[in-house]
Each structure stands twice: as C-alpha cells, then as structure tokens.
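Step one of this worksheet: look at the structure below.
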Amino acid sequence: MSRRVRVASLLFVGALVACPRPPAPGDPLRGLSKAERAQFDSGRVTFDRVFTPETGVGPLFNASACAECHEDPASGGTGDEDERHAAVFHPEVIGRMCDELGALGGPVYQDSVTPLLRTALGIDREPVPPVATVVAARSTPDILGFGLLDAVPDSAILALADPDDRNGDGISGRPNRFFDGRLGRFGRKALVPALREFNDGAYQIEQGVTNPSVPTEGSVAGSPLPAGTDPAADPELPGHDLELTDAFVRLLAPPTPLKLWGAARDGRDLFARVGCTGCHVPALRTGDSPIAALKNKEVAAYSDLLLHDMGPDNADICFGLATPGEFRTEPLMGLRLMTRFMHDGRAETPEAAIRRHGGEGAKSRDLFLSLRPEQQAALVAFLKAL
C-alpha cells in the first residue's frame, strides 16, 4: 500500500470517528453517563415487559405492554392501535365546560378485558356511558424525544402563546392547564404537565397495572370491579420499575432527520412560506436539567405545544380547558416513521393530513393547495425527511 493510500485510509477512519452514526429510532440520547445508560437499558426491559392477569394486566386494558403499542420501528415508536376517549362538553358552563367522565371510568375506555372480568360481566370491552356526547378515536404517537420536550421551560411555551391573536396572523395558540393549574404539554390535548405523570398514568390507564403513583384500579364505566376479578395484589408494579421506565422514555433520542437534498430542501422554505411554522415551530430549546444530555439543547420539535382550533370537522372531545376543536400542535419530529396521521389516524398520507387542517390551519392549507404540484411535492418531501 502506497503512503498516499495509507494517509487517505487514516483520514477516512478519522472522519468516521469524528462523525459517529446518528441515533437510530429506539437509541438513547448521546452524552449519557455510564449510570444513565444503565438506567436506560434496564428501563427498556420494563418498557417491553408483558403483563398477564396474574402479574397485573387488567381487568380493563388496551395493551399488555408499553411496547405493544409503541413498537414500530423500535420500542418507543408508533403503533397501529386506536383507543376510545369520551367526554361531555358543556359550553354553557362558565369555568368548567368539560366533564372528562372521571367518575364514570373516563376519559379512556379500554378495549380489552381479562377472562375473569368477561365471565363476571359478560363484556368484551368497557362500555361508554350513554351520557357521553362524543366518543373520539386516538391513534398511537411515537414518544421518541419526549424527554427533551419535558425539559423545555414553561416560559418558553408561554412566550409562543397568542390567545387573542394580537399580531393578527389568524393563529391564536393558547395553553391547556392541568386540573391543579399547571401548564400542560403531553397528550393530544396537551393536558398532562410532566413526562413522569404521563408515563406513570399510562401503566394504569392503558394496561390496568397499578403502581405507587396510581395505586387503584379503574372502574367499569363507574361501577366497581366485581370481587375476584383482579387476582394481583396492588400495587402491581413497584416504584423502582416506574423510575426505570421513566428513565428509558426520558432518555430516548428524537428521530434524526434525513439530510435535505434538492426538492426536500426547497420544501423546507415552502413549509415556512405557507405559514406552517406559525404552529409547527421548527425548534424549541430545553432549559436546565440534572441530565447533561437534556440541558440547554435544541430540539427540532416542529411544535409550540399549544392548543389551536382545528375547525369543526376535526372536533371531538373536550379535555381540560381544550374545547372539542382544539388540539395541541402535533410534533413533527419523526413524521417519516408514521404511517397514519392526525390525532385519530384517519389521514393516510401527509398530504391528506394537510387537507384536513381547518380553523387556524385553514389559511396554510389553502396556500398549500394553491402551490404548483411540484411545489406541493417538495413540501411533502421535506416532511417525509423529518
């Protein structure tokens, strides 16, 4: 081998060392300590754990493991499951217009039951009470990069709010608030304030697995569980496992966008030109964090984490302060991994999702539809690179 070839080979190897492979879906954030990486790896095991009736699943549940829904293309990704959510909207009631049906088993109505509950009640899934005014479908989002979203300061989100549309751009994002007044950011209606609460609550709501944070089973549309239908002692998951699951979800890296070439690069400019960035804010910045990998980082969320009115054709349930037509701006990071779009999964392509935008999104939708076909294709190519 000539000296020139040896030098070129060394330079190539050096470039590989200097430019490590970007995280793949399901990989952890870069820059974790040895202890944080160990927690992440152990947390993946708890996230993937499959529960049985004897170990805690049910008696009402939607899935028997976190990874049963968040599975594609890796643990923490998306899934093909749909859920039923229900509520009662009271627009005439000042200050408490929404009844999430908490006393009647809501707002999530589980689609599966254990054999013991089926025998006791003769049901295959939890019935929605007749009082519900709307039953909504919810598709499964990926949760990759959610730790970064959790680390964005409240002040950064509130700075983007314009509830009275004072700048006259037709976009009036406003925050949702949890029942105790804290700023919400997780969930399709942005009700849940913190990632830990989001994770802990999902064990009981989605799997029927009680834990120190949510120590009691849900009811069957408001009625108590029949005796003998829940053989596992509560809490069914110890606090240590909750911490590990939270570490796994918190430290999942966001999907790495593809490099933009040609039309996709032009599509990024068109995305801004038609006004999509008014809600889908390209980047948010995290604040202080005890985890260095989450501290003062830019996250390409393409969301403001605020509520926006999406028009009557998209309206379904109310939730907290969110009216039926209001939804949190869906983060677009990892959009290329999705096969269904919008909160209910009814849009099968990004183009169909754009066409379904109404309300505050109508202007951008119409501007998109006014583009030449090749421009529309370029904008979609950009989205498919995220």
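Can you name every residue in segment 114-173 that is among the acidic types (Asp, Glu), under 22 Å from the mean Cα position of the chain (by Cα) and in a loop (DSSP other than H, G, I, E, B)? Within segment 114-173, just 142 meets the criteria. Within segment 50-72, being touching a Leu at 6+ places or on another chain (Cβ under 9 Å) and open to solvent by 60 Å² or more (accessible area, probe 1.4 Å) holds for one residue alone: 72. Identify, please: which residue in segment 42-79 is assigned to a loop (DSSP other than H, G, I, E, B) and of a type in the set (Val, Ile, Thr) and is, among those, nearest to residue 108 (Cα to Cα)? Step by step, filter segment 42-79, then rank; the result is 57. Please determine whether any residue of segment 296-307 is more than 30 Å from residue 42 (Cα to Cα), in contact with an Asp or Glu (Cβ under 6 Å, 6 or more places away or on another chain) and open to solvent by less than 30 Å² (accessible area, probe 1.4 Å). Looking for residues that are more than 30 Å from residue 42 (Cα to Cα), in contact with an Asp or Glu (Cβ under 6 Å, 6 or more places away or on another chain) and open to solvent by less than 30 Å² (accessible area, probe 1.4 Å), one finds at least one in segment 296-307, hence yes.
Here residue 267 meets the list (1) surrounded by 20 or more Cβ atoms within 10 Å (Cβ to Cβ); (2) within 29 Å of residue 198 (Cα to Cα) almost entirely, failing just condition (2).
Of the helices (runs of 4 or more DSSP H) lying entirely inside segment 274-386, those containing at least 1 residues that are touching a residue at least 40 places away in the same chain (Cβ under 8 Å) span 362-370, 373-383. Within segment 84-117, being more than 19 Å from residue 322 (Cα to Cα) and either crowded, with 16+ Cβ neighbours inside 10 Å or of a type in the set (Gly, Ala, Ser) (or both) holds for 103, 104, 105, 109, 110, 111, 112, 113, 114, 116, 117. Among the residues making up segment 241-267, those that are basic (Lys, Arg) and over 23 Å from the mean Cα position of the chain (by Cα) are 259, 265.
Please go through segment 220-235 and give me each residue that is closer than 17 Å to residue 122 by Cβ and in contact with a helix residue (DSSP H, G or I) (Cβ under 8 Å, 6 or more places away or on another chain), ordered by number. Scanning segment 220-235 gives 220, 221, 225, 226, 228, 229.
Taking the numbered list (1) hydroxyl-bearing (Ser, Thr, Tyr); (2) open to solvent by 30 Å² or more (accessible area, probe 1.4 Å); (3) farther than 21 Å from residue 126 by Cα in turn, residue 75 passes all entries but (2). Out of 227, 190, report the one residue that is open to solvent by 60 Å² or more (accessible area, probe 1.4 Å) and part of a loop (DSSP other than H, G, I, E, B). Answer to the check: 227. Are any residues in segment 1-41 assigned to a helix (DSSP H, G or I), open to solvent by less than 60 Å² (accessible area, probe 1.4 Å), modelled with pLDDT of 95 or more and not aliphatic (A, V, I, L, M), and if so, which ones? Result: 36, 40.
One residue alone among 209, 220, 214, 249 is surrounded by 18 or more Cβ atoms within 10 Å (Cβ to Cβ) and without any contact (Cβ under 8 Å) to a residue 24 or more places away in the chain, and that residue is 214.
Taking the criterion of being among the hydrophobic types (A, V, I, L, M, F, W, C) and without any contact (Cβ under 8 Å) to a residue 24 or more places away in the chain, the only residue of segment 138-190 that qualifies is 159. Looking only at residues that are of a type in the set (D, E, K, R) and over 24 Å from residue 100 (Cβ atoms) in segment 125-165, which one is surrounded by the fewest Cβ atoms within 10 Å (Cβ to Cβ)? Filtering segment 125-165 for residues that are of a type in the set (D, E, K, R) and over 24 Å from residue 100 (Cβ atoms), the one surrounded by the fewest Cβ atoms within 10 Å (Cβ to Cβ) comes out as 164. When residues in segment 230-246 are screened for being assigned to a helix (DSSP H, G or I) and open to solvent by 60 Å² or more (accessible area, probe 1.4 Å), 2 of them pass.
The values are calculated or read from the model by the stated rules, or taken from the named source; none is laboratory data. Predicted model, so just to flag it, every value in this text is computed and none were measured. Neighbour counts are summed over all protein chains in view; Cβ atoms, including those assigned to glycine, are modelled from backbone coordinates with ideal geometry. Side chains included, ligands, DNA and RNA excluded: accessible areas come from the protein's heavy atoms. Shrake-Rupley method; radii C 1.70, N 1.55, O 1.52, S 1.80 Å.
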